[in-house]
Amino acid sequence: MSERPQPVRSLPPGGTVGILGGGQLGRMLAMAAARLGFRSHIYCPDADRPAADVAAACRAAPYEDEASLAAFAAAVSVVTYEFENVPEATARYLAARVPVWPPPVALAVAQDRLREKSFLTDAGVDTAPFAAIDAAADLPAALRAVGLPAVIKTRRFGYDGKGQAYVADAAQAAEALAALGGGGVLIEGFVTFAREISVIVARGADGAARCYEPVWNVHENHVLARSIVPSGIPAAVAEAAKDIALRIAERLDYVGVMGIEMFLATGDSGPRLFVNEMAPRVHNSGHWTLDACVVSQFEQHIRAICGWPLGTVERHSDAVMANLLGDAVDGWAELAQRPDVAVHIYGKSGAAPGRKMGHVTRLYPRGSNPCTSPLQP
Ligand code: AMP
């Protein structure tokens with residue numbers, strides 16, 4: 001997996017960071033870059049580009065437009081991405097011209113759930129049992145391999161529960177498979193978890209790596225609703241979760257920040273962690289670090305890709321981060337009146353239902369988060 005196209009030298013302030021993708025993650029990366037004295041240049045095919053509002057320049061062009069990519073590469077000192085569905089070919093085209101971090105192989109692994117799960121298994125990391133289904137004829141054997149209930153997921157372009165179906169029996173599985181196109185999917189055994197957690201890991205160009213404390217993630221309708229820190233999980237499990245994240249980052253020879261989502265199952269044989277997904281970018285479940293830590297995940301990512309030393313991952317406060325989905329963002333005036341809440345609004349043009357429009361982080365002195373509840377092993 002090792003891939004290190006060009007050595008990274010520390011980029012001094014004044015340099016320009018290129019960001020593929022123009023969403024809220026790019027926006028918060030550009031703001032963190034600005035704090036360290038960098039300019040940001042966004043590359044994004046979409047019309048709605050909240051990152052462009054806070055960047056020095058924005059190029060609106062398709063990811064396949066080589067002339068635009070070459071001009072972008074010539075204008076920046078390093079390229080990163082805020083979106084894991086940037087085509088791998090785009091990242092490789094740029095990597096031949098300018099350092100690209102995280103390494104393009106991380107995109108290739110994360111874009112295909114089958115490749116991702118196989119990579120994790122090879123790394124010795126537990127996942128839900130899984131099997132590929134290329135055609136309807138593969139279903140019976142796949143069901144025998146993973147058991148029921150199960151979740152059928154498209155291999156590519158699924159996120160926030162899109163392109164997936166929970167199935168309780170073989171008939172439902174056949175129906176869901178047909179609805180998802182009849183093949184090219186993955187089936188996973190359903191994990192009965194006690195808590196969903198994630199680890200934000202940062203790895204520098206020199207191979208030094210650090211993890212923020214794991215957080216407890218609460219999903220609603222398959223979308224992250226809240227992240228709570230401390231997570232309430234036992235200290236030994238938190239250490240095990242960090243070790244898994246470090247192992248994944250190391251194996252990819254990763255540079256930058258990555259979010260690793262995990263299920264924590266408890267049972268007679270003790271707690272067990274299963275990795276669900278890895279995102280080769282800054283992650284929604286790390287937004288709390290903007291307000292509860294001296295160095296946020298966004299700054300940490302910019303430090304890593306610019307060859308700077310990583311900053312501290314310590315937090316000074318407990319936190320609850322809540323996403324503002326759809327028209328919840330209309331409550332900004334009331335939220336802004338609360339002295340203990342940090343408000344972040346992404347400047348998107350339309351509040352479609354469920355769309356991530358902003359987030360709020362409520363801070364508490366350490367040790368006093370009323371939303372944390374210790375997980376009973
Ligand atoms: P994903 O798109 O894979 O992140 O899945 C979205 C959400 O669906 C996860 O955060 C879980 O809440 C749930 N989920 C996905 N896969 C499984 C599984 N194998 N077992 C239990 N819950 C799952």
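What pairs come up if the first residue lies in the range 245-273 and is at pLDDT 95 or above, the second is in a strand (DSSP E or B) and open to solvent by 60 Å² or more (accessible area, probe 1.4 Å), and their beta carbons are under 6 Å apart, counting only those six or more places apart or on different chains? These pairs meet every condition: Ala265/Arg272. Ala174 falls short on exactly one of the conditions (1) farther than 29 Å from Phe83 by Cα; (2) within 14 Å of the ligand (Cβ to nearest atom); (3) surrounded by 15 or more Cβ atoms within 10 Å (Cβ to Cβ), and that condition is (2).
Table: residues versus (1) open to solvent by 30 Å² or more (accessible area, probe 1.4 Å); (2) outside any helix (DSSP H, G or I); (3) within 21 Å of Phe83 (Cβ to Cβ).
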site: Glu239; (1), (2), (3): yes, no, no
site: Ile244; (1), (2), (3): no, no, no
site: Ile248; (1), (2), (3): no, no, yes
site: Gly259; (1), (2), (3): no, yes, yes
site: Asn276; (1), (2), (3): no, yes, yes
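Report yes if Val201 is in a strand (DSSP E or B), free of Cβ contacts under 8 Å to residues at least 60 places away in the same chain and away from the ligand (no atom under 13 Å from the Cβ), otherwise no. Here the answer is yes, as Val201 does meet what is asked. A single entry from Ala194, Ala209, Ala141 fulfils the requirement of being modelled with pLDDT of 95 or more and within 16 Å of the ligand (Cβ to nearest atom): Ala194.
If I filter the range 81-95 for residues that are basic (Lys, Arg), at pLDDT 95 or above and buried (at least 24 other Cβ atoms within 10 Å of the Cβ), do I get at least one hit?
Initial filter on the range 81-95 (basic (Lys, Arg)): 92.
Filter once more, keeping what is at pLDDT 95 or above: 92.
Add one more test, that the residue is buried (at least 24 other Cβ atoms within 10 Å of the Cβ), and what stays is none.
So far as the range 81-95 goes, no, none of its residues is basic (Lys, Arg), at pLDDT 95 or above and buried (at least 24 other Cβ atoms within 10 Å of the Cβ).
Given (1) assigned by TED's automatic domain parsing to the domain that holds Gly22; (2) without any contact (Cβ under 8 Å) to a residue 60 or more places away in the chain; (3) surrounded by fewer than 18 Cβ atoms within 10 Å (Cβ to Cβ), identify the lone condition not met by Leu69. Of (1) assigned by TED's automatic domain parsing to the domain that holds Gly22; (2) without any contact (Cβ under 8 Å) to a residue 60 or more places away in the chain; (3) surrounded by fewer than 18 Cβ atoms within 10 Å (Cβ to Cβ), only one is false for Leu69: (3). Contact map, the range 177-194: first residue part of a strand (DSSP E or B), second residue of a type in the set (Phe, Trp, Tyr), Cβ cut-off under 6 Å, separation 6 or more or different chains; pairs are Leu186/Phe130; Glu188/Phe130.
For Arg281, indicate whether it is surrounded by 19 or more Cβ atoms within 10 Å (Cβ to Cβ) and modelled with pLDDT of 95 or more. Spelling it out, Arg281 is indeed surrounded by 19 or more Cβ atoms within 10 Å (Cβ to Cβ) and modelled with pLDDT of 95 or more.
Give the number of residues within the range 11-41 that are of a type in the set (A, V, I, L, M) and more than 20 Å from Cys293 (Cβ to Cβ).
So the first thing to find is which residues in the range 11-41 are of a type in the set (A, V, I, L, M), and the list is 11, 17, 19-20, 25, 28-34, 36.
The next check asks that each one be more than 20 Å from Cys293 (Cβ to Cβ); those that pass are 11, 17, 19-20.
Total meeting the criteria: 4.
When restricted to residues that are open to solvent by 50 Å² or more (accessible area, probe 1.4 Å) and in contact (Cβ under 8 Å) with a residue 24 or more places away in the chain, the range 341-350 contains 1.
In the set Gly37, Gly22, which member is part of a loop (DSSP other than H, G, I, E, B), open to solvent by less than 50 Å² (accessible area, probe 1.4 Å) and at positive phi? Reasoning before the result, please.
Working: Gly22 fails: at positive phi.
Every option except Gly37 fails the conditions.
Considering the conditions (1) within 16 Å of the ligand (Cβ to nearest atom); (2) in a strand (DSSP E or B); (3) basic (Lys, Arg), Lys162 is excluded by exactly one of them, (2). Would you be able to say whether some residue in the range 147-155 is in contact with a strand residue (DSSP E or B) (Cβ under 6 Å, 6 or more places away or on another chain), open to solvent by 70 Å² or more (accessible area, probe 1.4 Å) and not assigned by TED's automatic domain parsing to the domain that holds Val229? No, the conditions are met nowhere in the range 147-155.
The values are calculated or read from the model by the stated rules, or taken from the named source; none is laboratory data. This one's a predicted model, so the numbers in the text were calculated from it and none came from an experiment. Positions of Cβ are backbone-derived with ideal geometry, glycine not excepted, and every protein chain shown enters the neighbour counts. SASA here: full protein model, heavy atoms, side chains in, ligands and nucleic acids out. Shrake-Rupley method; radii C 1.70, N 1.55, O 1.52, S 1.80 Å.
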